[in-house]
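None of the figures in this text is laboratory data; all of them are computed from the coordinates on show. As the structure is a computational prediction, the values presented were derived from the model and not from experiment. Using ideal geometry, Cβ is built from the backbone for each residue, glycine included, and neighbour counts are taken over all protein chains shown.
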Amino acid sequence: MARGQVNLFDEYRKLLREFGRQEWWPAHRRFRPRAWEVCVGAILTQNTNWKNVERALDVLLKNKIISPEKTLEIKTEELEKFIRPSGFYRQKAARLRTLAEFVMSFGGFEKFRKKVERRELLKVKGIGPETADSILLYACDRPFFVIDAYTRRFVSSLGIRKADDYESLRRYFESRLPKDISLYKEFHALIVEWGKRKNGRGNAVKR
DNA sequence: CGCCAGGGCCATA
DNA sequence: TATGGCCATGGC
């Protein structure tokens, strides 16, 4: 593949043709998540297998911990117990509470969703660039492209030589794609699917 | 059975 | 700024 001639939108269409629509949120789970649950998922999946995250999300749902308010009401030990299947449960319980407090400082989730700025989110302890962009894109419908470990491998598989720091890669994607939120969501999900199958995981290919 | 996952923080140099 | 240790469970 010739360097410098990669068309990212074409790459997106190839993945879409090969794997089909991923529709991460909300359609890939059996319930329709509220935006808060998307934020919870973004924290719980930090360096963690998504299957484990789903177990933890199921426990939270079963116990009706489905809002930042509820998250702040229950005891920390209780929250830790609920999310244990997702690993790093002490850290993550603390991070969930911190995020819940931050969200509530806006006066509720809807206000947070409309007003939060990326800079502010990045200052929250436990929210790094990937988690921030996941929240902004999937929960707040903001046009930020999410970069993760799979994205780095994907970019390198295209033979593109880029500085691989987070911000450079994010701008690389954002500057070469239409500013389309649905496209960002779907492309990132497809890249993850590509990475999983490459690792010999994921579901069998059917088309 | 070992390897490692849809990161991020912190201490150290 | 750049490495390295740490966090922890469950899938495969």
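Along the range A:91-108 the Karplus relation, 6.51 cos²θ - 1.76 cosθ + 1.60 evaluated at θ = phi - 60°, assigns HN-Hα couplings of 4, 5, 4, 4, 5, 5, 5, 4, 5, 4, 5, 4, 4, 5, 5, 8, x, x Hz to successive residues, with x for each Gly and Pro. What the Cβ-Cβ distance of residue A:162 and residue A:196 gives, at R0 = 30 Å and to the nearest 0.05, is a FRET efficiency of 0.85. FRET efficiency for the residue A:23 to residue A:64 pair, using the beta carbon distance and R₀ = 25 Å, is estimated at 0.50. Summing Cβ point charges (Lys, Arg +1; Asp, Glu -1) relative to the Cα centre of chain A gives a dipole of roughly 460 debye. In terms of its Cα atoms, chain A spans 56, 37, 25 Å along the principal axes, sorted from long to short. Multiplying each eigenvalue of the alpha-carbon gyration tensor of the range A:35-139 by 5 and taking the square root yields semi-axes of 20, 15, 12 Å, largest first, rounded to whole angstroms. A simple rule links phi to the HN-Hα coupling: the Karplus curve 6.51 cos²θ - 1.76 cosθ + 1.60 with θ = phi - 60°, which for the range A:154-168 gives 4, 4, 5, 5, 7, x, 8, 9, 10, 4, 9, 6, 3, 5, 4 Hz, with x for Gly and Pro. In percent, rounded to a whole number, the relative contact order of the range A:35-139 is 33, using alpha-carbon pairs under 8 Å and six or more apart. The alpha-carbon positions of the range A:92-140 define a convex hull whose volume is 66 Å³ per residue.
Take the Cβ atoms of residue A:80 and residue A:105, set R0 to 22 Å, and the FRET efficiency comes out at 0.45.
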